[in-house]
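Below is one structure, written out as structure tokens; comments come after it.
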Amino acid sequence: MAYDEIIDHYSALARAADAGRTIADCGQDAFEQGGFGAAGYEELGLLPEGAVRASLGCGNPVAVAELRAGQTVLGLGAGGGIDVLLSARRVGPQGRVYGVDASADMVALARRNAEQAGARNVEFLHGSIERVPLPDRSVDVAISNCVINLSGDKAAVLAEAFRVLRPGGRFGVSDMVVDGELDPERRRAAEQRIGCVAGALPVTEYRRLLAAAGFTDVRIVLTADHGDGVHSAIVQALKPAIGLGLEIRPMRESDAAEVLAIYQAGLDTGQASFETTAPSWEGSPRAGCRTCGTRRPTATPARCSAGWPSQRSRPARVYAGVVEHSIYVHPGCQAHGIGRALLAAFIAAAEDAGVCTIQSGVFPENAASLSLHQALGFRVVGTRERIGCHHGLWRDALMIERRSTLTGA
């Protein structure tokens, strides 16, 4: 369905629920047998009947979101409000829960349900999940229930979830996925039988989009099997943690000047590389670079000014799952835990991508870099003696590597 058709469809369902009718987003048989709607919840007695009646999800994201008292939560595609209201009970009066929905009728229904439930720590917003009406770094947890699959721009949805999450924030949703690529005939058959499967992503593509948005520690667990390769799934991921006023996000072309300045500052120390001059942006070793530390000045947008890691994949097939890396932190931002946070996020992203071994070379005199890497599981595997002439001196390089315990070669 087109975007406007989806809004009209769910607006009609909201009006039906408001009129006292039980609604279903799939064929009735599939809805009753597939664990859709309110079937996945155990706390229904705590909620208004209208919220339960309007439940259209494919799971219970609240059960896997690890909500804690005092947290701020965002429900993407809040519908009649069932997940928002349950989350509000979990975070308590000191917490807050926002629900965003593109259907004005659903928002109105959810607000009435919240009023009936006496929930004072919730707010329902009329807006799209591709453009969430909340500021950057404003929530601790983002949840959703069988809504992201309906979006025509899932990359934008995941990027928005990443944007509004605070560093260390969690993404925990229930969604529809397909196991592998469905041929057109099987997809049509599934959509005719289970209407809410429309737009479901293959698991591998879901992982790729989460990584591209900047998430790490991605877990996708298939739950109910609906046939034809279609599953309900629990999808979890983290926004990398870092200190106050900073965030770790994917590198952008607009970061070029500052990234190269950080690179050059590292080279100027004489302890980062045998190179002495940063290359052009086109020639810089950023292939596959996944994270960039950013500082947020008081009155200006976030800008890349703290540090960055880079990676190079080994070209030969025999080296599949092996990457080389380097990490640079601006001299003015060192000794604040930025390098450790960047390297930890890089390791998590590499493991998500199936990388089993990360390698690098470190000058023996660069004690800070060696200590950082060893603290995060790297070990020295050898010394290459006098392998390059640097500023007139022949220098050694320690070869270090980290082997994953989570993913194999």
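Counting beta carbons within 10 Å around each of 177, 62 and listing the fewest first gives the order 177, 62.
Here the calculated FRET efficiency for residue 4 and residue 320, from their Cβ-Cβ distance with R0 = 35 Å, stands at 0.20, rounded to the nearest 0.05. Computed over neighbours whose Cβ is under 15 Å from that of residue 121, the net charge equals +2, Lys and Arg +1, Asp and Glu -1.
Taking 7 Å steps out from each Cα toward its Cβ at residue 212 and residue 69 produces label points 4.2 nm apart.
Distance between the modelled labels on residue 399 and residue 222, one decimal in nanometres: 4.0 nm (7 Å Cα→Cβ projection).
Every read-out reported here was derived from the displayed coordinates using simple, explicitly stated rules and does not represent laboratory data. Everything numeric in this text was worked out from a predicted model, so none of it was measured. Please note: Cβ atoms are built from the backbone with ideal geometry, for glycine as well, and neighbour counts cover all protein chains shown.
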